[in-house]
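What follows is a structure written as structure tokens; I'll ask about it next.
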Amino acid sequence: MNQSSFRSRFLRPGPLVGAVVVIVAVVLVARFAFHRRSDAPVIPVEQVGRRDISQTVEATGTVQPIETTEIRSKASGQITRMPVEIGSVVRAGDLLAQIDTVNVQNQYDEALAALEAAKANVAITKTQEERAAQLFKQGVMTTDQNESAVLAYANAKSQLVNARSNLSIAKQALDDARVRAPYAGTIIEQDATKGQVIASATLSASGGTLLFKMADLNRVQMQALVGETDIGNVRPGMPATVTVDAFPNRPFRGVVQKIEPQAVIQQSVTMFPVLINIANENGLLLPGMNGEVTISIAQATDVVAVPLDAVRSVRELPAVAAALGLDPDSLRAQVQRQIAARLAARGGLRGDSAGAGRFGADSARARGMGRGRWGQAGGGGQGGAYGQAGGGRGAWMARGGGGFPGSRGDRQAAPGDTARSGAPWAPAGGPGGGGRSGQAQVVFVQTARGLEPRLVRLGVSDFDYAQVLAGVNEGDEVAMLSVAEIQAKRQQQQAQLRQRMGSAMPGAGGGGGARGGGGGR
């Protein structure tokens, strides 16, 4: 067989070779499409519905009695009886301690006897005074004798008053030897024991000996330390829920009693003590228990709510756009159109005296001050509704005097900030804004055309959901953005890893030389 016949028979492309080529191409395309599908982020969505939302402030604290009373004795002497101890529950008037009554009992007996003698002396001198008066009228008794009888009667009455006063004092001293409970409560501390000699609280310069400390534990309070960033939202009378470590599954209801004006600084953090009164009729809460308090500062019942995982501020949109695979310029245009529509609906569009644009980008173009990334610096004055006074570069928002809803200066606003000024779409730092008031955020709604950004204004929020005041409706499906952000970050890390591994492989970048060497062979 000659060479031409061999080539025509074995090397000529036939139908089988073409079919193999087609199959290989189909497999490669299918694998490429599969990998493209596997790399595409799958964004979960959640339907906007109605729910109850409670905005709260949380803090930690310690249970303590509302009032603690120190029990001391007015009498001095040795304790002969002590029927109570720590933890004893007493009623008002119950005996707490008995002091030796030998001296005070003797004083009482003497005062009682003196009173009886004073009474008898008054009776005798009264009779003598009456007899002397009759004899003086008859001329039998002289004037001096009559006056002496009158004076003796007056002295007897004075002695009677003094005897009664001494008896009252002796009786009080006898009663003071019996230390009784001033009100119903619980003994929480015992500082003296039976047989101890104590000093009087009224006669001793040191204030006397402390016997007990007692408190009414039916009503206790928790002193919680609230951070200064949250203390402005706390008011007396707000409901609170207390959970202590001893009973983690049993919440206790309370009410904010007062806010102490003196701040407490711990580890460079400024906090204010807040006292919460708690009903404790069953006596489960004891002084010194540690726990957490949740103060309800705002509540909304059966309102349209959006998950906070779906909410992002305008400043975060560049990263979100990259995670969702959206065009940043198109996203910026949509957001700006919505802001313009909101402001135009309430007559809120205004520019500076030189006619700067309504937004930062327009203001920059009008002034010729260069382009920023998402928002541009405005000229002097306000620089438009969202311009930055004095120039500079914007990044999604112009900084300073204005800013997109959802920001205050350079600070990113938290979802759920409530409106204070009543301006529904006013920028937080601009005219008509109220600090953190009326701040707008952005969610992405699933539509027939895909994910579309929507400006939303939020009200009361908790850790999971926020009340929607405007922007989306019940039944809309919003994208949960955390998954997309995590997937985008993972893909970026994988790409970086593949790049590092590829550059570290032997022969990387030298394929041409190897191929050339092979050709030489």
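The values are calculated or read from the model by the stated rules, or taken from the named source; none is laboratory data. The model shown is predicted, which means the values in this text are computed figures rather than measured ones. Quick reminder, even Gly has a Cβ in these numbers, built from the backbone with ideal geometry, and neighbours come from all protein chains shown. Just the protein is used for accessible areas: all its heavy atoms, side chains included, with ligands, DNA and RNA removed. Shrake-Rupley method; radii C 1.70, N 1.55, O 1.52, S 1.80 Å.
Could you list all residues from the stretch 90-108 that are over 20 Å from GLY208 (Cβ atoms), out of contact with any helix residue (DSSP H, G or I) (no Cβ under 8 Å at 6 or more places or on another chain) and touching a residue at least 12 places away in the same chain (Cβ under 8 Å)?
Going through the stretch 90-108, the residues over 20 Å from GLY208 (Cβ atoms) turn out to be 90-94, 105-106, 108.
Still in the list and also out of contact with any helix residue (DSSP H, G or I) (no Cβ under 8 Å at 6 or more places or on another chain): 90-94, 106.
VAL90, ARG91, ALA92, GLY93, ASP94, listed by residue number.
Could you go through the stretch 140-149 and let me know if any residue there is closer than 30 Å to ALA111 by Cα and either in contact (Cβ under 8 Å) with a residue 24 or more places away in the chain or within 52 Å of the chain's Cα centre (by Cα) (or both).
Checked the stretch 140-149: at least one residue is closer than 30 Å to ALA111 by Cα and either in contact (Cβ under 8 Å) with a residue 24 or more places away in the chain or within 52 Å of the chain's Cα centre (by Cα) (or both).
Continuing with the same structure: Among the residues of the stretch 230-239, is any farther than 28 Å from VAL90 by Cα, modelled with pLDDT under 90, not in a loop (DSSP other than H, G, I, E, B) and not aliphatic (A, V, I, L, M)?
yes
Further question: Could you check the stretch 140-168 and list, in sequence order, the residues that are open to solvent by less than 70 Å² (accessible area, probe 1.4 Å) and of a type in the set (A, V, I, L, M)?
Passing the criteria: MET141, ALA149, VAL150, ALA152, ALA154, ALA156, LEU160, ALA163, LEU167.
Now, a different point. Looking at the stretch 259-305 only, could you name the residues that are of a type outside the set (A, V, I, L, M, F, W, C), assigned to a strand (DSSP E or B) and surrounded by 13 or more Cβ atoms within 10 Å (Cβ to Cβ)? Steps first, please.
Keep residues of the stretch 259-305 that are of a type outside the set (A, V, I, L, M, F, W, C), which gives 260-262, 266-268, 270, 273, 277, 280-283, 287-288, 290-292, 294, 296, 299, 301-302.
Those left that are additionally assigned to a strand (DSSP E or B): 266, 270, 273, 277, 290-292, 294, 296, 299, 301-302.
Result: THR270, PRO273, ASN277, GLY291, GLU292, THR294, SER296, GLN299.
Further question on the same structure: Name the residues in the stretch 76-108 that are surrounded by 13 or more Cβ atoms within 10 Å (Cβ to Cβ), in a loop (DSSP other than H, G, I, E, B) and at pLDDT 90 or above, would you?
Matches in the stretch 76-108: MET82, VAL84, SER88, ASP94, ASP100.
Examine the stretch 125-138 for a residue that is within 30 Å of ILE79 (Cβ to Cβ), in contact (Cβ under 8 Å) with a residue 12 or more places away in the chain and in contact with a helix residue (DSSP H, G or I) (Cβ under 7 Å, 6 or more places away or on another chain), and state whether such a residue exists. Before the answer, list the steps.
Quick first cut of the stretch 125-138, residues within 30 Å of ILE79 (Cβ to Cβ) only: none.
So far as the stretch 125-138 goes, no, none of its residues is within 30 Å of ILE79 (Cβ to Cβ), in contact (Cβ under 8 Å) with a residue 12 or more places away in the chain and in contact with a helix residue (DSSP H, G or I) (Cβ under 7 Å, 6 or more places away or on another chain).
Here is a list of conditions, (1) open to solvent by 40 Å² or more (accessible area, probe 1.4 Å); (2) part of a strand (DSSP E or B); (3) within 14 Å of LEU96 (Cβ to Cβ); (4) not charged (D, E, K, R), and THR243 meets all of them except one; can you say which number that is?
(3)
Something else now. Considering only residues of the stretch 189-208 that are part of a strand (DSSP E or B) and in contact with a Leu (Cβ under 8 Å, 6 or more places away or on another chain), which is most open to solvent (accessible area, probe 1.4 Å)?
Filtering the stretch 189-208 for residues that are part of a strand (DSSP E or B) and in contact with a Leu (Cβ under 8 Å, 6 or more places away or on another chain), the one most open to solvent (accessible area, probe 1.4 Å) comes out as GLN190.
Given the condition open to solvent by 60 Å² or more (accessible area, probe 1.4 Å), part of a helix (DSSP H, G or I), in contact with a helix residue (DSSP H, G or I) (Cβ under 8 Å, 6 or more places away or on another chain) and touching a residue at least 24 places away in the same chain (Cβ under 8 Å), answer yes or no: does some residue in the stretch 169-182 qualify?
Restricting attention to the stretch 169-182, the residues satisfying the condition of being open to solvent by 60 Å² or more (accessible area, probe 1.4 Å) are 169, 171-172, 175, 178, 180, 182.
From what's left, part of a helix (DSSP H, G or I): 169, 171-172, 175.
So of that shortlist, the ones also in contact with a helix residue (DSSP H, G or I) (Cβ under 8 Å, 6 or more places away or on another chain) come out as 169, 171.
Adding the requirement that they be touching a residue at least 24 places away in the same chain (Cβ under 8 Å) leaves 169, 171.
Within the stretch 169-182, one or more residues are open to solvent by 60 Å² or more (accessible area, probe 1.4 Å), part of a helix (DSSP H, G or I), in contact with a helix residue (DSSP H, G or I) (Cβ under 8 Å, 6 or more places away or on another chain) and touching a residue at least 24 places away in the same chain (Cβ under 8 Å).
Here is a follow-up. Go through (1) at pLDDT 90 or above; (2) over 33 Å from the mean Cα position of the chain (by Cα); (3) open to solvent by less than 50 Å² (accessible area, probe 1.4 Å) and name the single condition ALA59 misses.
ALA59 satisfies every listed condition except (2).
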